[in-house]
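The values are calculated or read from the model by the stated rules, or taken from the named source; none is laboratory data. Since the structure is predicted, the reported quantities are computational estimates derived from the model, not experimental observations. Virtual Cβ from ideal backbone geometry, glycine too; neighbours counted across all protein chains shown. The protein model used for the area step is the full one, side chains on, heavy atoms only, and it has no ligands, DNA or RNA in it. Shrake-Rupley method; radii C 1.70, N 1.55, O 1.52, S 1.80 Å.
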Amino acid sequence: MAKDASPVTLSWTEEGVPVSTVFEDVYYSKQDGLAESQYVFVQGLGDQIWQKDDIRLAETGFGTGLNLLACLETLDRVHPEAHLTYYSVEAHPLTVAQLRQAHAHWPMLTPYSDLLCQALPERPLGRGWHILDLAPNRRVILLIGDVVAQYQTVSGVMDGWFLDGFSPQKNPDMWRDDVFQEIARLSRDGTKLATFTAAGFVRRGLEEVGFEMQKRAGFGHKRECLSGLRRPDPYPRRTKQHPWSMIPQVSRKQEDAPQADEEIIILGAGVSGASLAYQLRQLGKDPLVIDQGAEPALGASGNPIGLVMPRYVLGDMPEKELYETAFSYAIQFMKRFDLPTAKQVLSLAETEKDHKRYQRYAQTERAEELGVSYITPENLAEEKGMLHPFGALVCAEGVSVQPWRFVRALLEGARCLFSTRVASYQKQEDGLWLLLDENGSVLKTTRHLVVATGAALGGLGVDGLADLDGIKGQVSVVEAKTLDPEMACVQGSYVTHALENEICFGATFDHLSDEALASFNAQSIAQFPPSEAEHQRNVASIEGYAPKLLLTEEIIKGRASVRMATKDHLPIVGPLVDRTQFLSLYDGIRHGKKYRYRPFSDQVRQNLWVSGCYGARGLVLAPYLGLYLAYMIAGKQSPISIRQIEALHPARFMVRDLAHNVI
């Protein structure tokens, strides 16, 4: 497989079969591509796998997606309730139009083709992870790029593999030894494998990494094909993931997942808690959301209007991967709700350094997919009527949205308990969590507890967290009247589109002292009254780029609230651990021993989770990270990359301090 991810030009045979101009090979059999997929791959894994309730498949070579569609059709016939997570890698992704043309030969696949094509972004896919929600129990994780580089980022094990990356003669890079090694790493005893080829070096390579291979009759003109079964391995399974972050992924026991009658309680009805509740319900769970407010989104998630846009990070950084993947997912995710939105967000460079960074970002691999392009100062003046010394980035897919309305849509139909303040929680010997009020009386009992309380996170005494930062901000609102900005605009502060006759701008940004934050956490509602002085700060912050008419409008209202962030600018999402036991188990990290540890023990695993410190990016991150945490709580395999797991993990601060020997 080519190293650079790029679109591909197709030619078509007389039979209407697509041919890759890169590899000069057909994507599927000229005889009948669907019949080939069903025989070689679906039947090649055997019947038992399709009766599992939770199926994890992986593929080398997504191509036209025909194998995926064959799986979807099969599951709808034999086990429609099954949950399918389908990983696939592709270096040269086809466009939606090309996919539809390739699928048109089989009208029976039209419903499944529609699900796939509607879930894909309109623009060409860039390198990295793409999560496509086809249905509540059907999810595709599409990895764009080199097969080894992409699968090295995956955590977990697969139930079955489809090896389908063009013929070994045409595309030898897909059949390398290091590809087979990654397949073995992501397999367990009993993992099955199917491929259309019977090449001797493929069979021998798979046998060397632990698969028992056997030949089957081939499809069409092919004499033979291969199927395989992973043998029991006496050695521990290799992993790319640090043991301290492996709860609850590959080390998790299935019995740790919530059973049907086990309660899951989420503390917090902001965008973080609401997104998690929605994703859990999509997985068939029924969490209870508890909030101290009288209604949802009374904290920072209740702002009148907010922006959904990427964070423009350069370099091979976890932050870049996180924000790009999350933004791409959020834009597709929000389309399932009937929300007022308006597109296009313009980000003006504030300094020469920003100007150069924006120019470079517009050339990155995912900029086109995210709808991000660079505008010169000259074009800003000519096209937008804006005199600005530096250039800008415009994100065509960025939107203005009403956060409070989004949160309510997420919680529609969910079990919620409002006007209930949980002052503390305690774990009993039987593993259940007791939720206590100010008087120490028990409010609720639960097996799985999630702390998603936003700015009140620090006030609950969450163990093991560090470097938390409370930030107070106020937004201002004017009536739109005849003013309707063509696009939202950002330059430190921001001005939104007009939604329901209102335009929101701001926000102030003030770090709270530890004393102020502690006092704030004791308040009943996470909100401060807005002030006139803060309104004037907001007006001053937008004078350089806002429409003149906006500056003369009367401010009709404002809203102040507090957000939590971390010093490393990344959220805290994942399992909370017992600090004392964690430090004892991983004490050797301070001596440079990073890998020679066992994963979390049963004593450290607590069924206590956290989702917070989203800063000003909750709208972008919450749907994506809600999906991740829902998967973890439900005992499923991580839908995000290894380095994202570790970059978000609540224990990362303890690991850092152990490595620096300051703890």
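About the Cα centre of the chain, what is the dipole size in debye to 20, counting +1 per Lys and Arg Cβ and -1 per Asp and Glu Cβ, all else neutral?
1440
For the chain, what does the relative contact order come out to in percent, with C-alpha contacts under 8 Å and a separation of six or more?
So the answer I get is 14 percent.
Keeping all protein chains in place and using 1.4 angstrom, which order do LYS557, LYS472, LYS215 fall into by accessible surface area, from largest down?
LYS215, LYS557, LYS472
Can you list the lysines whose alpha carbon sits under 21 Å from that of LYS335, skipping same-chain ones fewer than 8 residues off?
Correct list for LYS335: LYS343.
For the ranges 156-166, 651-661, what's the packing order if you count other beta-carbon atoms within 10 Å of each residue, average per peptide, and put the highest first?
The most tightly packed comes first, giving 156-166, 651-661.
Roughly how many nanometres apart are two label points built 7 Å out from the Cα toward the Cβ at GLN581 and ARG231?
With each label point 7 Å from Cα toward Cβ, the separation is 3.7 nm.
Keeping the other protein chains in place, figure out the carbon and sulfur percent of the accessible area of the chain, with a 1.4 Å probe.
48
Normalising by the residue count of the range 297-448, find the relative contact order in percent from Cα pairs under 8 Å and 6+ residues apart.
Reported as a whole number, the value is 26 percent.
Report the extension gain between TRP12 and LYS222 in nm, rounded to one decimal, defined as 0.36 nm multiplied by the number of residues separating them, less their alpha carbon distance.
Extending this stretch completely gives an extra 73.5 nm.
Under a 1.4 angstrom probe, counting protein chains only, how are THR191, THR445 ranked by accessible area, largest first?
THR445, THR191
Rg to Rh ratio, the range 146-195, alpha-carbon atoms and Kirkwood radius?
My calculation of the ratio gives 0.96.
For LYS215 paired with ASP114, estimate the spin-label separation in nm (one decimal), with each label point 7 Å from Cα along the Cα-to-Cβ line.
Placing both labels 7 Å along Cα→Cβ, they lie 4.5 nm apart.
Multiplying the sequence separation of GLU122 and GLN363 by 0.36 nm and subtracting their Cα-Cα distance, what value in nm do you get?
Gain in length upon complete extension: 84.9 nm.
Nearest 500 deg cm²/dmol is fine: what mean residue ellipticity at 222 nm does the chain get from its DSSP H runs of n ≥ 4 alone, each adding -39,500 (n - 2.57), divided by its residue count?
After summing the helix terms and dividing by the residues of the chain, the value is -7500 deg cm²/dmol.
Rg/Rh for the range 90-179 to two decimals, with Rh computed the Kirkwood way over all alpha-carbon pairs.
Here the Rg-to-Rh quotient is 0.97.
Restricting to the chain, compute how many DSSP beta bridges are antiparallel as a %, nearest 5.
Percent antiparallel among DSSP bridges in the chain is about 65.
Would you mind checking the pairs LYS320/LYS472; LYS384/LYS548; LYS240/LYS285; LYS215/LYS240 and listing those with alpha carbons more than 20 angstrom apart?
Violating the 20 Å limit, Cα to Cα: LYS320/LYS472; LYS240/LYS285; LYS215/LYS240.
How large is the accessible surface per residue of the chain, computed with a 1.4 Å probe and reported in Å² as a whole number?
40
Share of Cα-Cα pairs in the chain beyond 38 Å, in percent?
The answer is 38 percent, as a whole percent.
Compute the label zone of ASP437 within the range 283-319: residues whose backbone N is under 19 Å from the point 7 Å along Cα-to-Cβ.
289-295, by backbone N distance to the label point.
Between SER531 and ALA97, 0.36 nm times their residue separation minus their Cα-Cα distance comes to what?
151.0 nm
With r as the distance between the Cβ atoms of THR376 and ASP189 and R0 = 41 Å, compute the FRET efficiency 1/(1 + (r/R0)^6) and round to 0.05.
Result of the calculation: an efficiency of 0.10.
Amide H of LEU186: which non-local residues (sequence gap of 5 or more, or other chain) have their own amide H closer than 5 Å, using H built in the peptide plane?
none
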